[in-house]
């Protein structure tokens, strides 16, 4: 045995209590008491003293934009700034003394601005002499200054929503391959410090394959990744079948790879509530003519999902507004319950659709941090009190028999499982919330037999915490720290 954790509290609800876990050849070899484990470990094995902390399955972020988040680690960070004055200071402090060229950043809250949106005039005042592009926290709205707009050939629009963002972003100088790899290395290092051993990349996976392959070939991977390939309404059914041919060739080549996988396609059904691009059944509060708009016309989403499902692909659909959630569920109903499909986010479903997740065996992939009060002021205002009261119903979905998978959507919010657990446990039990981050996330990627729980023979992906999480008070959960993380029985982080 190569690695052992002892003197802890092993997280495996409903099973015999244990204090130690031993790992050998990438797998969990034994679970038991300290004496039982110590009797079997090699004299050269690394033994980690948990000092009474929880030894648990490593976290699996079921919905993340890992490359985007990794890039953002070296960019202007505006996340968490709630007032315009503080936001202006953070921008000017970042720009001061930096070399010429584009200023790129992300994370601003809509609520930081009067009326919920920034202006080109404000950014021109803060950054007058170089191109700047700053993305909202949810990645659905871009804020550009006049210099950037002139480069893009866009007139009179400092705020760009959804597809319009590309008119500017395509002019930002691309990163080199080595810069992308270094960004991913920094992201993996941070993930390990948060106890995260697996991530499920929610889109754009096709363009990332070469980077993840390069990291694996160099022996640098400390994180397992599942890459979703894109499913878009811009292609007809003939072209969609051709794309699936290419996707399948790549997926087959990685079928036995325990580090890099695919097998899933990602579609967007709508945008977000804050920019009124989420697709709603009824108009936004105070705006009788605006319900948002679906991104897929007619039954096109259902047809594309059926084609993918019949060929063995799992389908995940970003759906935030109640109309988009219904459109996604209707599409999956047409696939005859095949494929363990997923709806992502599910911020404001109609009550009539909550029970359909269980009925259709559709995974509810949700991000509890999105519901934090600091992030929802504009969200509540646009929906009004009645609809807002139905927001993020993970408890009702679970009670109706549905399955939950939790994640962060990083960089929309920080890659922080404990902040997520803090929000989730406002309505769920700790056991239910942890399951969303471990066994539920594994089930959502068809990996429940290899990870997501501590059992002999499963992958030795383990997080060791600084305390017994089951004894933590509710307001302490967000403060829990990771002391060590192992991926495949290899220690990748120590505090």
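Quick notes on this one:
- Counted as qualifying within region 72-171 are the strands (runs of 3 or more DSSP E) with 3 or more residues that are in contact with a helix residue (DSSP H, G or I) (Cβ under 8 Å, 6 or more places away or on another chain), namely 103-108, 132-136, 141-144.
- Checking residue 269 against (1) over 24 Å from the mean Cα position of the chain (by Cα); (2) under 30 Å from residue 113 (Cα atoms); (3) in contact (Cβ under 8 Å) with a residue 40 or more places away in the chain, the condition it does not meet: (1)
- Taking the criterion of being surrounded by 24 or more Cβ atoms within 10 Å (Cβ to Cβ) and part of a helix (DSSP H, G or I), the residues of region 398-422 that qualify are 417, 420, 421.
- Criterion: closer than 23 Å to residue 392 by Cα and surrounded by fewer than 23 Cβ atoms within 10 Å (Cβ to Cβ) - qualifying residue of 321, 286, 312: 286
- Strands (runs of 3 or more DSSP E) wholly inside region 443-495 that include at least 1 residues being crowded, with 18+ Cβ neighbours inside 10 Å and without any contact (Cβ under 8 Å) to a residue 12 or more places away in the chain: none
- Test: residue in region 211-224 that is at pLDDT below 95, within 18 Å of residue 460 (Cα to Cα) and exposed (fewer than 13 other Cβ atoms within 10 Å of the Cβ): no
- Restricting 30, 35, 45 to residues that are crowded, with 18+ Cβ neighbours inside 10 Å and either modelled with pLDDT of 95 or more or touching a strand residue (DSSP E or B) at 6+ places or on another chain (Cβ under 7 Å) (or both) narrows the list to 30.
- Filter result (part of a loop (DSSP other than H, G, I, E, B), over 18 Å from residue 186 (Cβ atoms) and in contact with a strand residue (DSSP E or B) (Cβ under 9 Å, 6 or more places away or on another chain)) within region 214-259: 231, 232, 233, 254, 255, 258, 259
- Some residue of region 379-395 being farther than 27 Å from residue 332 by Cβ, surrounded by 22 or more Cβ atoms within 10 Å (Cβ to Cβ) and in contact with a strand residue (DSSP E or B) (Cβ under 9 Å, 6 or more places away or on another chain): no
- Selection status of residue 80, more than 30 Å from residue 210 (Cα to Cα) and either touching a residue at least 40 places away in the same chain (Cβ under 8 Å) or crowded, with 22+ Cβ neighbours inside 10 Å (or both): yes
- Matching residues, region 337-352, being surrounded by fewer than 21 Cβ atoms within 10 Å (Cβ to Cβ) and either touching a residue at least 24 places away in the same chain (Cβ under 8 Å) or outside the structural domain of residue 390 (by TED's automatic domain parsing) (or both): 337, 338, 340, 350, 351
- Condition met for residue 68 (outside any loop (DSSP other than H, G, I, E, B) and over 25 Å from residue 495 (Cβ atoms)): yes
- Answer residue from region 195-210, given it is part of a helix (DSSP H, G or I) and touching a residue at least 12 places away in the same chain (Cβ under 8 Å) and is surrounded by the most Cβ atoms within 10 Å (Cβ to Cβ) among those: 205
The values are calculated or read from the model by the stated rules, or taken from the named source; none is laboratory data. The model shown is predicted, which means the values in this text are computed figures rather than measured ones. Using ideal geometry, Cβ is built from the backbone for each residue, glycine included, and neighbour counts are taken over all protein chains shown.
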